[in-house]
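Worksheet: the structure to be examined is printed underneath.
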């Protein structure tokens, strides 16, 4: 972890890297398994984006610490679901994998939970795409 970036989302991770991390973590923590959410699971965790949601999209020139907009809470109680960094899901969209949530350089309307238009090449890395994982027992 580069100095000073511990509270920032991890980006420049391909879908394949995220899957490898989930597999590694599942092997390391034998009491649980880890995986990427499906698009539908991500949407359920996020819930409907509040009309007055405050998040990092189209306003800053890069990533912000994940707790910067901690007053904007998702349906599951998570923070930083919208904006800041797109998040990989396990859902296929054409030849790519669906990403959710928008990023710091997205238009605010692209960050809506219901948006199902974005995907990325699973073998590539992007400076505005990271991931969130699901833990199962």
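No lab work stands behind these numbers, since they all come straight from the coordinates. As the structure is a prediction and not an experimental result, all values here were calculated from the model. No Cβ is skipped: glycine too gets one built from the backbone with ideal geometry, and neighbour counts run over all protein chains shown.
Does anyone have the angle between helix 15-28 and the longest principal axis of the chain? Alpha-carbon axes, 0 to 90°, nearest 10?
Once rounded, the angle reads 50 degrees.
Roughly how many whole Å is it from the C-alpha centroid of segment 1-61 to that of segment 98-116?
14
Fewest to most neighbouring Cβ within 10 Å: what's the order for 30, 40?
Sorted ascending by nearby Cβ count, the order is 30, 40.
I need 25, 36 ordered by Cβ neighbour count within 10 Å, fewest first.
Sorted ascending by nearby Cβ count, the order is 25, 36.
Would you look at the GNM of the chain, springs on alpha carbons closer than 10 Å, and say which of 59, 114, 39 moves the most?
Ranking 59, 114, 39 by mean-square fluctuation puts 59 first.
What 222 nm value per residue comes from the helices of the chain, counting each DSSP H run with n ≥ 4 as -39,500 (n - 2.57) and dividing by all residues, nearest 500 deg cm²/dmol? Spell out each step's value before the answer.
Values: 2 runs with 22 residues, N = 137.
Taking each H run of at least 4 residues, the total per residue is -5000 deg cm²/dmol.
If each residue of separation counts as 0.36 nm, what is the full-extension length gain between residue 16 and residue 93 once their alpha-carbon separation is subtracted?
So the chain would gain 26.2 nm between residue 16 and residue 93.
Residue separation times 0.36 nm, minus the C-alpha to C-alpha distance between residue 121 and residue 7: what's the value?
So the extension gain works out to 38.4 nm.
Using the 10 angstrom Cβ neighbour count as an exposure proxy, how do 10, 66, 99 rank, fewest first?
10, 66, 99
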